[in-house]
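These notes are about the structure you will find just below.
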Amino acid sequence: MPGQIVAIRDFTIADAVIRFQVNDDVFEALPDIPLTIMQDMTKMMNVRDAVTERGVEAILEITDLFLTDLSAARFRHRVLEDRVHPIGVKTFMAILPWLLEQYGMRPTQPSSNSSTGLSDGETGTSSMDGVLPEESIPSLSLDIAP
């Protein structure tokens, strides 16, 4: 029909790179990833089992996919060769759930308490202010497990 306006909902994700730091290295992850990579990342949540079943290379293949090329190379070096500041299981297990959160996955366990940046006696606004309780939010479940 002439003169009819068609509204289009744009679901384009901003190309903001996700950054995290380990010691002096800042790593950059891609702004979004395919669901198959997300599925593989969730399989890595139990690093010990993943390494036993598929070897450390399986974990590094995943990080190669979600990190930028330069960050992936530096991450590999820190995991495989850096004896002064290695990225070991403890560090990897802190990074992985945080990254999953950045990509929209809910953590499998509550996040650890983090500093608000406020000194004693100061108050701030919670990042959850105004958010509906989980039971009142309709959910769309994507089963990405194999």
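The values are calculated or read from the model by the stated rules, or taken from the named source; none is laboratory data. Because the structure is a prediction, the values reported are computed rather than measured. No Cβ is skipped: glycine too gets one built from the backbone with ideal geometry, and neighbour counts run over all protein chains shown.
Here are some notes:
- Residue within the stretch 23-40 that is loosely packed, with under 10 Cβ neighbours inside 10 Å and in a helix (DSSP H, G or I) present: no
- Answer residue from the stretch 47-93, given it is acidic (Asp, Glu) and in a helix (DSSP H, G or I) and is farthest from Tyr103 (Cα to Cα) among those: Glu53
- Exclusive hit being aliphatic (A, V, I, L, M) and modelled with pLDDT under 75, set Ile33, Ile144: Ile144
- Matching residues, the stretch 41-84, being touching a residue at least 12 places away in the same chain (Cβ under 8 Å) and exposed (fewer than 12 other Cβ atoms within 10 Å of the Cβ): Arg48, Leu70
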